[in-house]
Amino acid sequence: MPKTQHRAIMRWLFAFAFIVAFLIVFGGIVRLTRSGLSIVEWNPVSGVVPPVGEKAWAEEFFKYQQTPEYLHINSWMTVNDYKFIFWLEWIHRIVARLAGLFYAIPVFYFLFRKAIPWKEFGVYFVMGMLFIGQAFMGWYMVASGLVERPAVDHFRLTIHLLFALTLLALALWTAYGHKYGFPDYGKKAIWSPVSKLALVSLIVLLIQISYGGLVAGLKAGHVSNTWPLMLGQWIPQGIFGAEGFNPNNLIEVPQTVVFIHRWFAFLGLIAVPYAYQQAKRRNYPAEIQRGLIWLIVAVAAQITLGVLTVLTNVNVPIASIHQAGAVTLFWLGIFFIHRLRAHDRLKA
């Protein structure tokens, strides 16, 4: 990790993190509107230019008409209907390209100006590779829905999401280092109970977000629009296997995946208040205690949004806000672990 603080680099990294977060949320909107398969080719350069004129639109629409999604789901569409989903996916891709430039140009500028010493370039190089890997995974995901099935592979979608979250986490962690100072990595600090609880909470959130990706890929949110009962039962019969427990159900069966996603979130509602109680008992700084209170409120609001998403049968605006809430919680999780570890080092 770097050791040299620089305010301009900090601002750049926070802005880049915001763009990555926006792409994650907007990508969720693209998925909710079934727009992700509307552009059937990946042309990193020529794809920047959208169709111009009726002939170009007709050609683009003809390509889409050959896909499983059009043949099995959207065969009712006219070219004007198609334009809506095309523009959403095109905006998603163009923002991703601009995000790549927003990363690459400043990082080379800071290298040239020696604001980033070459010996500290490693973390920035990893960010660049993560961005490229995430882009390739995005196309690999889309390609899975263009051959036989009218939907993307749910595992590829989840991996694409986790790549983006890893990039977001690394950008934020480095930005907070520039803001608050980088630690002496040669000096070890024991993880305090509160820091451990914060880490556990973040792991719970990551598992929950991963299951959200599986739910999205499997369209499992439409399984049942009732809560707390699902399909008329607290635990639907045979949900973990018709003839006994089947581990494949945990990641393959829509009913099982959405059932886990519904209830796993409540572990966070237990862990975060307990972390606050421990921070208060150990007389942590008021800034951390207040922040944990707000985090409890954010977790409760996120669960409420999840319930509303279920009850409205995956209403697009509500589901989009729910996804934005998950990204916000992840951002807060990175912040709290960073600050709690700094407190651990002060006490070491």
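Numbers at a glance
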item: Residue match in segment 202-221 (condition: among the hydroxyl-bearing types (Ser, Thr, Tyr), modelled with pLDDT of 95 or more and in contact with a Phe, Trp or Tyr (Cβ under 8 Å, 6 or more places away or on another chain)); result: yes
item: Any chance ARG7 is on the phi > 0 side of the Ramachandran plot, assigned by TED's automatic domain parsing to the domain that holds ARG156 and either touching a residue at least 12 places away in the same chain (Cβ under 8 Å) or in contact with a helix residue (DSSP H, G or I) (Cβ under 8 Å, 6 or more places away or on another chain) (or both); result: no
item: PHE18 assigned to a helix (DSSP H, G or I), assigned by TED's automatic domain parsing to the domain that holds LEU165 and free of Cβ contacts under 8 Å to residues at least 12 places away in the same chain; result: yes
item: Hits in segment 275-306 - residues which are among the aromatic types (Phe, Trp, Tyr) and either surrounded by 15 or more Cβ atoms within 10 Å (Cβ to Cβ) or in contact with a strand residue (DSSP E or B) (Cβ under 6 Å, 6 or more places away or on another chain) (or both); result: TYR276, TYR284
item: Unique residue being out of contact with any Lys or Arg (no Cβ under 8 Å at 6 or more places or on another chain), crowded, with 16+ Cβ neighbours inside 10 Å, of a type in the set (D, E, K, R) and in the same structural domain as PHE136 (by TED's automatic domain parsing) when the list is GLU54, GLU60; result: GLU60
item: Filter pass, TYR211 being within 30 Å of ARG149 (Cβ to Cβ) and either charged (D, E, K, R) or touching a residue at least 24 places away in the same chain (Cβ under 8 Å) (or both); result: yes
item: Any chance THR78 is closer than 24 Å to LEU218 by Cβ and either surrounded by 14 or more Cβ atoms within 10 Å (Cβ to Cβ) or not aliphatic (A, V, I, L, M) (or both); result: no
item: Which listed residue, of VAL126, VAL107, is closer than 16 Å to GLY177 by Cβ, of a type in the set (A, V, I, L, M), surrounded by fewer than 16 Cβ atoms within 10 Å (Cβ to Cβ) and modelled with pLDDT of 90 or more; result: VAL126
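The values are calculated or read from the model by the stated rules, or taken from the named source; none is laboratory data. Predicted model only: the values in this text are computed from it and were never measured. In this analysis, Cβ positions are derived from the backbone assuming ideal geometry, glycine residues included, and neighbour counts consider all displayed protein chains.
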